[in-house]
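Working notes, beginning with the structure itself.
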Amino acid sequence: MLIHAGGEQMFNSTDAQLEQLQAEFADRGYVVLPGVIGQAERSRLIDQIRDAIDPTVGPAEFEADLGYPGAPADRSAPGGRTPRRLLHAYARSDEFKALAANVQVAEVLGYFLAGSFCLSQCHHNCIMTKHPGFSSATLWHQDVRYWSYERPELISAWFALGQETQENGGLWVIPGTHTLDLAAQRLDADLFLLPELSENQALIQRAEAVELQAGDVLLFHCRLLHAAGRNESDAVKLSAVFTYHRQDNRSQTGTRSDRFPSIEMLSS
Ligand SMILES: O=C(O)CCC(=O)C(=O)O
């Protein structure tokens, strides 16, 4: 399979490899692509992120604003100015644009989404900065909860810029939940899974930690249940996250998903 982006011939996996990845994605709702981003590229991105953390170059979302478990109580509390996400990653620099358009990721996404696709500027499109001491835990949720597209068929790419482990707050997923229809009473008002319900506990017992090496990319379906703990290590964890959708899967007019235009990434 050959796909073209910006006139360049792309990374060329065999059809058999792509088919196998797609079968895994269809079954589990996620796949990991190992070693996609080399060290030199990661170092350039990390330098840019460090420059944007302190003083924080907005727009940014702060841990204190969300009030997730473990977050500082408010912006005036100790750690209250800890950023959780640097937003609008795509627009921040040419290096982040290139990351979002990574050829290997684009080839796999083009195969999974079966054709032309776009990057959403409204969802994820951020640099996750998980800081020791002041980071929060993210409870079980599906990202699609606040997204409004014609079809819930978006895929996010989580670029690990360093190692991601259970200790530093790496992601947990519940394989196969991207096909599950969850009744509303299983979720709280913010659409997090209610952990006290026995049917939810049975699901959570199936959770798996996704440990990533620096440079790995996790592709996950927008309906996959996932969660993450706090960063208990002594180093900040940095990841860039972008979300993609088929070009013909349009955001609904007037919703948050429609606030900024999507960017065409690849036409086949
Ligand atoms: O790193 C985390 O705490 C989880 C982030 C997450 O699940 C999300 O932003 O959807």
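Quick rundown of the values:
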| item | result |
| --- | --- |
| Normalised alpha carbon radius of gyration of segment 21-266 [divisor 2.2 N^0.38 Å] | 0.96 |
| Rg(Cα) / (2.2 N^0.38 Å) computed for segment 7-86, rounded to two decimals | 1.66 |
| Under 9 Å, Cβ to Cβ, from Met128 - net charge with Lys/Arg +1 and Asp/Glu -1 | +4 |
| For segment 76-111 and segment 162-202, distance of Cα centres in Å | 23 |
| Extension gain from Ser116 to Ala40, taking 0.36 nm per residue of separation minus the Cα-Cα distance | 24.4 nm |
| Whole-number percent relative contact order across segment 21-266, with pairs defined as alpha carbons under 8 Å at least 6 apart | 32 |
| Helix-only mean residue ellipticity at 222 nm for the chain, each DSSP H run of n ≥ 4 adding -39500 (n - 2.57), per residue, nearest 500 | -6500 deg cm²/dmol |
| Full-extension gain in nm, Asp54 to Arg145, via 0.36 nm per residue minus C-alpha separation | 29.7 nm |
| Net charge contributed by nearby residues that have their C-beta within less than 9 Å of Ser116 (K/R +1, D/E -1) | -1 |
| Extension gain (nm, one decimal) between Glu95 and Ala23, 0.36 nm per residue minus Cα-Cα | 22.8 nm |
| Exposure proxy ranking, count of Cβ atoms within 10 Å, fewest first, for Glu19, Glu164 | Glu19, Glu164 |
| Gap separating the Cα centres of segment 13-31 and segment 223-248, nearest whole Å | 20 |
| GluC sites (Glu not before Pro) restricted to segment 40-82 and DSSP loop, no more than 11 other C-beta within 10 Å | none |
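Only the coordinates and a few stated rules stand behind these numbers; no lab work does. These figures come from a predicted structure and were not determined experimentally. Every residue, glycine as well, gets a Cβ built from its backbone with ideal geometry; the counts of neighbours run over all protein chains shown.
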